[in-house]
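Since the structure comes first, as structure tokens, the remarks are kept for the end.
The values are calculated or read from the model by the stated rules, or taken from the named source; none is laboratory data. On a predicted model such as this, the values are computed, not experimentally measured, just so you know. Positions of Cβ are backbone-derived with ideal geometry, glycine not excepted, and every protein chain shown enters the neighbour counts.
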Amino acid sequence: CVALVARGVDPVETLSLLRGDWHLGYDPYAHRVAPQCTPLATNTLHAVGLARAATIKGEDTAALVFVGDGATSEGDTHEALNFAGVWRAPVVFLVQNNGYAISVPLSKQNAAPSLAHKGVGYGVVSMLVDGNDPAIVYTAVQSALEAARAGKGPTWIEARTYRIEAHTNADDASRYRNEDEVLSWLARDPIDRLDRYLTTRAVLDAGTRSRIAEEAEAFASSLRDRMNVDPALDPAALFEHVYTTPTQALRRQAARVAR
């Protein structure tokens, strides 16, 4: 969600997608953000394909794809890594390793010393970073994207972090981890760390912090109001974004609906 909003996607479109609204979807070309994929790791293949296409067309661009630690066990990820390495595709894989694939700990997912080692086997530049340090993550991704755009090939980044909450509201996380573990990671919360970093350097003060909190609450309140409005829908919109060039059959169906 945050990544989509950061790319300029209207938060209502993002939340409607998560709510399961049938009439939803953002324009991936306008925002340069691919549609979200429910099956784990399929987005890695899409990212490599887009990156390869950019190379063939001579475009100065790169693809950034996010996966979790659990998705690194999927075959699609390994296929994507293999082709990324072979083609030297301008793609950056950011692995958000939060320690658990739902309830399966990393020790039961991977026998290597780190997930970063998986990229090495495919000839892909790989690195391990502190995923709870915003500055380090930003720097690592930025340098990897610059390398990709410069024709230096793909990068595989493992960012070690932690999932503080349960996987879903149907997940009882206390069955597979203890409170001490959660508290130890909570002390390394990335937002708190960034707050302390900016405060000690006089970039952030109490007044600025208060203003940001007020703006965030106003934004959230407005968003809640917008989400509670049921928009009037044009039935003809059902036929949009089905084909690049609508088929004759689709045009006939749309015409019948319009009557």
Subject >> Candidate set: the range 17-33, residues that are at pLDDT 80 or above and of a type in the set (A, V, I, L, M); chosen: the one surrounded by the fewest Cβ atoms within 10 Å (Cβ to Cβ) >> reply: Ala30
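Looking for whichever is modelled with pLDDT of 95 or more and surrounded by 20 or more Cβ atoms within 10 Å (Cβ to Cβ) here; the options are Gly119, Gly75, Gly123. Which one fits? Steps first, please.
On the way: Gly75 fails: surrounded by 20 or more Cβ atoms within 10 Å (Cβ to Cβ); Gly123 fails: surrounded by 20 or more Cβ atoms within 10 Å (Cβ to Cβ).
From the options Gly119, Gly75, Gly123, the qualifying one is Gly119.
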**OP:** Please tell me if Ala54 is touching a strand residue (DSSP E or B) at 6+ places or on another chain (Cβ under 9 Å), over 25 Å from Leu15 (Cβ atoms) and in contact (Cβ under 8 Å) with a residue 12 or more places away in the chain.
**Re:** yes
**OP:** Please tell me if Lys152 is basic (Lys, Arg), in a loop (DSSP other than H, G, I, E, B) and assigned by TED's automatic domain parsing to the domain that holds Val65.
**Re:** yes
Original post:
For the range 79-109, what are the residues that are within 18 Å of Ile157 (Cβ to Cβ), crowded, with 16+ Cβ neighbours inside 10 Å and not hydrophobic (A, V, I, L, M, F, W, C)?
Top reply: Gly85, Arg88, Pro90, Gln96, Asn97, Asn98, Gly99, Gln109
Original post:
Among the residues of the range 115-149, which ones are in contact (Cβ under 8 Å) with a residue 24 or more places away in the chain, polar (S, T, N, Q) and outside any loop (DSSP other than H, G, I, E, B)?
Top reply: Ser126
Original post:
Here is a list of conditions, (1) closer than 30 Å to Thr77 by Cβ; (2) at pLDDT 95 or above, and Ala213 meets all of them except one; can you say which number that is?
Top reply: (1)
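Given the structure, is Gly131 of a type outside the set (A, V, I, L, M), crowded, with 17+ Cβ neighbours inside 10 Å and under 19 Å from His46 (Cβ atoms)?
Judged against the criteria, Gly131 is not a match.
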Subject >> Out of Arg163, Arg177, Arg188, sole residue that is part of a loop (DSSP other than H, G, I, E, B) and in contact with a strand residue (DSSP E or B) (Cβ under 7 Å, 6 or more places away or on another chain) >> reply: Arg163
**OP:** Among the residues of the range 31-59, write down those that are under 21 Å from Val5 (Cα atoms) and outside any helix (DSSP H, G or I).
**Re:** Arg32, Val33, Ala34, Pro35, Gln36, Cys37, Thr38
Original post:
Does Ala112 satisfy being free of Cβ contacts under 8 Å to residues at least 12 places away in the same chain and touching a Lys or Arg at 6+ places or on another chain (Cβ under 8 Å)?
Top reply: yes
